[in-house]
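Note sheet for the following structure.
The values are calculated or read from the model by the stated rules, or taken from the named source; none is laboratory data. Please read all numbers here as calculations on a predicted model, not as lab measurements. Glycine gets a Cβ as well: all are built from the backbone with ideal geometry, and neighbour counts include every protein chain shown.
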Amino acid sequence: MATITRRRALALASAVTLTLSTPVWAQAPIVIKFSHVVAQDTPKGKAADFFAKRAAELTKGRVKVEVYANSALYKDKEEMEALQLGAVQMLAPSLAKFGPLGVKEFELFDLPFIFDDYNELHKVTQGPVGKALLAKLEPKGIKGLAYWDNGFKSFSANTPLRSVADYKGKKFRIQSSKVLEEQVRALGGIPQVMAFSEVYQALQTGVVDGTENPISNFYTQKMHEVQKHLSLTNHGYLGYAVIVNKKFWDGLPADIRSELEQAMKEATDYANRIAKEENDKALEAVKASGKTTVYTPTAQERLALKKALAPVHLKMADRAGKDTLQSVYQVTGFDPNQL
């Protein structure tokens with residue numbers, strides 16, 4: 001019995017010695033599960049993979065970012081709760097997702113024609129207004145890290161969309177956003193809230209008549225196969241906020257957090273650089289497919305659409321926050337009262 005006890009003691013001592021002598025680099029890496037709902041070859045998908053690669057390099061393998069694309073883990077309506085519960089650590093949801101979460105100010109990004117170009121947009125997202133908005137997520141247990149562009153949205157349907165009258169009576173899929181609901185109603189359409197992963201089938205089966213998307217999403221989700229017409233309205237912006245579970249983020253060692261912030265900065269520069277390029281490529285691919293007729297509205301048609309949608313700004317001002325909205329208007333120069 002004494003021999004057995006002694007052997008056990010020696011074995012335990014050896015194990016302790018081995019553990020204490022194990023180098024730091026051999027410890028299991030910190031795993032960050034990064035979930036998103038779009039295809040891997042979209043701007044967001046590519047940027048998520050870029051971030052994972054840079055995070056591994058900058059932390060020298062101490063962090064492993066596992067990217068789950070195309071709703072592999074969670075759908076639109078599930079992912080935010082999963083983040084708050086800690087089932088995943090990182091998401092990049094569209095900005096429309098924060099209104100239903102209770103931070104309604106983010107719905108200003110859904111307002112039609114609020115940004116004319118990327119320059120106006122970045123003055124907001126990369127300036128004081130953008131930072132103040134991200135800070136509003138913290139009481140929800142969420143830390144906002146960055147804004148990633150996707151692009152400007154265009155409408156599609158199975159019939160031409162040229163005049164405002166062409167939208168009347170059509171069912172358009174939208175994200176969950178009171179602003180987007182009002183946008184479709186202002187055009188005489190019928191808004192249908194639906195998870196992104198369900199849109200292709202809904203278009204194919206006629207559950208909805210059309211939708212709005214940046215062209216990269218339209219093409220990578222194969223919507224051009226089930227939509228005969230695409231009108232390049234560029235009426236709204238679709239972007240993302242990269243967010244992380246705040247408790248998890250605050251619990252990281254300071255040096256690792258600093259390295260991940262650097263990886264995120266580089267990924268953000270990359271994401272925003274490729275967004276327009278990817279949308280331009282996707283547009284050419286849609287045209288080349290021959291399955292969707294692509295139409296560019298005239299200046300007069302675009303102005304008519306803009307005028308029809310201007311009341312959405314006035315009606316939704318209280319939701320987005322009048323002070324916040326005025327801060328954006330000062331940057332962009334947009335004035336819905338002047339249309």
Within the stretch 173-183, identify whether any single residue is more than 25 Å from E79 (Cβ to Cβ) and out of contact with any Cys (no Cβ under 9 Å at 6 or more places or on another chain), and answer yes or no. no
Residue satisfying condition, being without any contact (Cβ under 8 Å) to a residue 60 or more places away in the chain and closer than 20 Å to A285 by Cβ, within set T211, T205, T220: T211
For a quick check of your reading of the model, give me the residue pairs whose first member lies in the stretch 240-263 and is polar (S, T, N, Q), whose second is surrounded by 15 or more Cβ atoms within 10 Å (Cβ to Cβ), with beta-carbon atoms closer than 6 Å and at least 6 apart or on different chains. N245/L83; N245/Q89; Q262/L58
Kindly provide the set of residues from the stretch 44-67 that are surrounded by fewer than 17 Cβ atoms within 10 Å (Cβ to Cβ), in a strand (DSSP E or B) and not acidic (D, E), ordered by number. K64
The one condition P100 fails out of (1) over 19 Å from A146 (Cβ atoms); (2) in contact with a strand residue (DSSP E or B) (Cβ under 8 Å, 6 or more places away or on another chain); (3) surrounded by fewer than 19 Cβ atoms within 10 Å (Cβ to Cβ) is (2)
When you scan the stretch 243-263, how many residues do you find that are surrounded by 17 or more Cβ atoms within 10 Å (Cβ to Cβ) and under 18 Å from L137 (Cα atoms)? 6
Within the stretch 106-201, strands (runs of 3 or more DSSP E) holding 2 or more residues that are of a type in the set (A, V, I, L, M): 142-157, 190-193
Does the stretch 46-69 hold any residues that are closer than 28 Å to N279 by Cβ and of a type in the set (A, V, I, L, M), and which are they? A47, A48, A52, A55, V65, V67, A69
Might you check whether a residue that is touching a Leu at 6+ places or on another chain (Cβ under 9 Å), more than 18 Å from M316 (Cβ to Cβ), surrounded by fewer than 23 Cβ atoms within 10 Å (Cβ to Cβ) and at pLDDT 95 or above occurs anywhere in the stretch 201-216? yes
Considering K178, K222, K228, K171, which residue is on the phi > 0 side of the Ramachandran plot and either under 20 Å from the mean Cα position of the chain (by Cα) or among the basic types (K, R) (or both)? K222
Filter the stretch 174-189 for residues that are touching a residue at least 24 places away in the same chain (Cβ under 8 Å) and surrounded by fewer than 20 Cβ atoms within 10 Å (Cβ to Cβ) and give the result. S176, K178, A186, G188
